[in-house]
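This report concerns only the one structure given below.
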Amino acid sequence: MDTLEQPDLMRYAALLPDTGEPGFGVYVHWPFCAAKCPYCDFNSHVRHQPVDQERFTASFLKEMATVRQMSGPKTVTSIFLGGGTPSLMKPSTVSAILDGIAKHWHVPDGIEITMEANPSSVEAERFRGYRAAGVNRVSLGVQALNDRDLTFLGRLHDVADALKAIKLARDIFPRMSFDLIYARPNQTVDEWERELKEAFSYAVDHLSLYQLTIEEGTPFFGLHKAGKLVVPDGDQSALLYEATQEITTGEGLPAYEVSNHARPGAESRHNLTYWRYGDYAGIGPGAHGRLTRGSMKIATATERKPESWLDLVERNGHGMLDTEQLGYEEQADELLLMGLRLKEGVDLSRWQQLSGRDLDPKREEFLLEHGFIERIGNSRLRCTPSGMLILDSVVADLAC
């Protein structure tokens, strides 16, 4: 396939610089999809009748008002429209949501505003409307670059649709990323290397590369349990991961997080807010949030079913089912869990301030000796590439 013409990277200069601070993000969840992928355990729903977008928009705005009362005045550093499939929204819906965010919080010019999109031709035609509404970054759910595996993954697009959407996104949006899923059944390292190198001929500044995981409650889970779907074992998955790191580094898009790769300066600002353990407002069905008020951090979670969420918002002004005040130890655990996903690691002084203690020296020494973690100066700690392969175990060891 022909490579796409490289865009002028100077147009990325308009984005505000990354200060390294956690920031404050706003996440809006659009819960609807045209079809449910067999691997997906996200809060997404298929509706065979048209969705009342005006009613949902009104409820998004109403819930925003409630969350604004909880958060107090904030300066927004990123906005993310996720799902589901947000590119099923009309541009007017997106415009109203972004206007609502700007009404409730301070939104400076030049912040990152991301929308997730699926690369079907119908949705791609709306891209210019989304750009006019204020979206300046799109994240495309491509998932594979061959039609056989796209069918296996339950995607509604083919490779031709994907390339058309990528080209359109590159022409319209200042920043663009796309996702690929690897560690698919029978996938070899050589096959993945070829596919990944092809992806670089279409990529601009960011790629999200996820290993296929079998999540409980999905169709793939049942097939896997019955022995009808076999994914690469641990050793093969490690080889695929290592090949991913080598190729992306060589192509100038090194990993800045376990599954995310970017040219320096093109990292997803919104996702960095999560991983740096910043605050974020979660709006919409199934959305989660973290809001700091004084010395308290409050975790929020909303009703997952869209219609039930609508009823709650229209009745109560919000769809939140749970608001929990997180203790310092819980915050410290979350900070460690999120921060160790990043190449920049975690701020140990912040962790110590929350936890009220130092790391267990014996556990730290063990992980250091085995090459799973490393110190960055005196104030930061990060996982090594070997440690990233067993990240959950490293976090569990350090958190004890």
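Readers should treat all values here as calculations from the given coordinates under stated rules, not as data from a laboratory. Quick caveat, the model's predicted, so the values are computed rather than measured. Don't worry about glycine lacking a Cβ; one is built from the backbone with ideal geometry, like all the others, and counts go over all protein chains shown.
Computed values, structure above
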{"item": "Cβ-derived FRET efficiency at R0 35 Å, R293 paired with R47, nearest 0.05", "result": "0.45"}
{"item": "Loop sites in the stretch 266-355: chymotrypsin sites (Phe, Trp or Tyr not before Pro), DSSP, at most 16 other Cβ within 10 Å", "result": "none"}
{"item": "R380 long-range amide H proximity, modeled H, under 5 Å", "result": "L348"}
{"item": "Rounded if a/c under 1.5, otherwise prolate or oblate - the stretch 61-215, Cα gyration tensor axes", "result": "prolate"}
{"item": "Shape of the chain, Cα gyration tensor, a/c cut at 1.5", "result": "rounded"}
{"item": "Cut-off under 5 Å, modelled amide H: who pairs with K297 long-range", "result": "L326"}
{"item": "Exceeding the 29 Å Cα-Cα cut-off - candidates K36/K74; K103/K297; K90/K167", "result": "K36/K74"}
{"item": "Calculated FRET value between A301 and L16, using beta carbons and R₀ = 30 Å, to 0.05", "result": "0.50"}
{"item": "Cysteines, the chain, no other Cys beta-carbon under 4.7 Å", "result": "C33, C383, C400"}
{"item": "Computed magnitude of the charge dipole of the chain (debye, nearest 20; Cβ of K, R +1, Cβ of D, E -1)", "result": "1200"}
{"item": "Label-zone membership for the stretch 187-216, site K164, 7 angstrom Cα→C-beta point, backbone N under 20 Å", "result": "202-203"}
